[in-house]
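A short worksheet on the structure shown next.
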């Protein structure tokens, strides 16, 4: 690990908060990278991972927007750019929205990052190596009437972005996060979303990294009283795409709707994890995970619903459907429940198999070919995820998804 | 050109039970044929078997459209040959929009959204429904009208409608009946309607009515037959299981 470690230590010595970074690095070093025997990493192709192919750079590698990013910018009108973890541009044109880059190592959960992520090697790497934390704050009572686009470009050999999105009381916003780049790179985003009392956040994360990238992302939604978080995560790119999306209900009445989807092609691995943690009463979580694996790709969905004693009248639902598009593709589904309260509603369902036969017949009975029926239905997985986006932006992402799917050779079974 | 749909000796099994036991029917484009019969007589089975539903197994007989055997064709090919079914309970297809379905089904994309709106208005369907995913979160009545929008765009030679009238209020029923009747002249559509109710027939004048019992046609007649059914019910037409 010498090449990577040398560049990392040099980076750490140059950055503010060196002390915290050194501690995070040392925690990472003693924990080490996960191995295939770690249960939570058993599906990751860790034998392909050689961190010495990556290095840490002390400045962002600026490049022009991709055509798709440029369209996003044009459609949204409000853009925050983060390149290799560095906040490179933002604008102040939206009232009640503040974007800043800070050196802060506290998790929004109230503890330090070091404590909060102590057992997660990649998160610790982020704490050590993210250039700074980009903070997007929506002021109390503000309704942001335009979607905010955050463009994450991974242009260097490694990219550690840390983002805090904080919605003040009774505020409301729609945010689109778009990840691109990542050629032969390690991309490790760590994000926290804090939704204050009665606030509402619609969030769509669209991951379109290069298929050589190692993408290890972790997000945590923190919901206060009567807060609403509607989050969609779309995974298309990366060689290894790990996306862990957690939500914690810290007070009563919160509502979390999480939708995740992925498309696996080539030898990609999509590794999606969720943890809905109900710590307070009258909270509601709905999780819908749908994915498709083609070629020789693999996927795993691991979801945990945890309900603490006292979180009465929690309503938690988890659904996972995986679609196999080739005989050589493989999907696993691992739903888990940990319920310590009796007065709750809890349901989970999962399936792995081909497309719904009756839906397909219905489309075919109108004259749609089997191949197009399959394409429409898979594309539909993604379209469903975009329901929270305003029309123009949804159209844009949809057409990008559609063109990506058009390249896929799907053989109707 | 006049087209002919010919069903001869059709036998169909559902869940291991023979439901259609030699069904015969012949109709031409531009005609309206109505199939009436008690519950369980095989009406819906006919509709599903015609469009190749995977749960229905054809045991024998033939269905030809202008001489071509449809039973040997896939559901897609049957539709493309000109036979399309409107379902009693059309399924939800999350993530798929009506316009994308129609384009994939071969509809001309030019002004398609506008034509869909026009069709929706003719059957008194709110046009915002057209932008939702196919049948998702629609009421029973809205789904049926959405099926009519599809038919109006795809313009099949023969449209088979399975209890399109149930769940519709009187006004909507009138609009649906008028739309279907107009189709018989607009593109010479042959309309095969499965129904329980005479009401639909007030504005959709049938060429022929067929009474079905125990999986076959037991009586065929003109529009007057529906009055006989109204007065006497299906009992006089009931045949004993052979």
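Any read-out appearing in this document is the output of simple, stated calculations on the displayed coordinates, not a laboratory observation. Only a predicted model underlies this, so the values are computations on that prediction, with no experimental measurement involved. Cβ sites come from the backbone with ideal geometry, for glycine too, and all protein chains shown count toward neighbours.
Counting Cβ atoms of other protein chains within 10 Å of each residue's Cβ and taking the mean over peptide B:99-106 gives 6.
If you wrap the Cα atoms of the protein assembly as shown in a convex hull and average its projected area over all directions, you get 31.8 nm².
Arranged from highest to lowest average of other beta-carbon atoms within 10 Å per residue, in what order do the peptides A:27-36, A:194-203 appear?
Numbers: A:27-36: 14.6, A:194-203: 22.7.
Averaged packing, sorted descending, gives the order A:194-203, A:27-36.
Most simply put, segment A:2-251 has about 15% antiparallel DSSP beta bridges, counting only bridges with both residues inside it.
In the distance distribution for segment B:111-154, Cα-Cα pairs more than 18 Å apart total 12 percent. Note on residue B:111/residue A:404: beta-carbon distance plugged into 1/(1 + (r/R0)^6) with R0 of 25 Å gives a FRET efficiency of 0.35. Restricting the calculation to Cα atoms, segment A:357-413 yields a radius of gyration followed by a Dmax of 12.4, 35 Å. P(r) tail for segment B:1-96: Cα pairs beyond 16 Å make up 58% of the total.
Do the sum for chain B: with -39,500 (n - 2.57) for every DSSP H run of n ≥ 4, divided by all residues, what is the mean residue ellipticity at 222 nm, to the nearest 500 deg cm²/dmol? Intermediate values should be presented prior to the final figure.
On the way: 7 runs with 74 residues, N = 242.
The helix contribution divided over chain B gives -9000 deg cm²/dmol.
Two numbers describe the Cα atoms of segment A:2-251: Rg and Dmax, which are 17.3, 50 Å. A simple spin-label model places pseudo-atoms 7 Å from Cα toward Cβ; at residue B:121 and residue A:98 they are separated by 5.1 nm. Note on B:68-79: average number of Cβ atoms from other chains within 10 Å of each residue's Cβ is 3. Comparing B:91, B:116, B:208 in a Gaussian network model of chain B, where Cα atoms under 10 Å apart are tied by springs, the biggest mean-square fluctuation is seen for B:91. DSSP bridge analysis restricted to the protein assembly as shown gives an antiparallel fraction near 20%, rounded to the nearest 5.
Using only Cα atoms, what is the ratio of the radius of gyration of segment A:238-285 to 2.2 N^0.38 Å? Display every interim value, and only then the final one.
Numbers: Rg = 14.3 Å, N = 48, 2.2 N^0.38 = 9.6 Å.
For segment A:238-285, the normalised Cα radius of gyration is 1.49.
Straightening the chain between residue A:106 and residue A:42 buys 20.1 nm, computed as 0.36 nm per residue apart minus the Cα-Cα spacing.
Distances over 34 Å make up what percent of all Cα-Cα pairs in chain B? Before the final figure, lay out each step's value.
Numbers: 3370 of 29161 pairs.
Here the long-distance tail beyond 34 Å is 12 percent of all Cα pairs in chain B.
Spin-label model, residue A:349 to residue A:371: label points 7 Å out along the Cα-to-beta-carbon direction sit 3.2 nm apart.
Counting only other chain Cβ atoms within 10 Å of each residue's Cβ, the peptide B:89-98 averages 6.
So what's the back-of-envelope 222 nm ellipticity for chain A, counting only DSSP H runs of four-plus at -39500 (n - 2.57) apiece and dividing by all residues, rounded to 500? Please report the intermediate quantities before stating the final value.
Working: 8 runs with 90 residues, N = 413.
After summing the helix terms and dividing by residue count, I get -6500 deg cm²/dmol.
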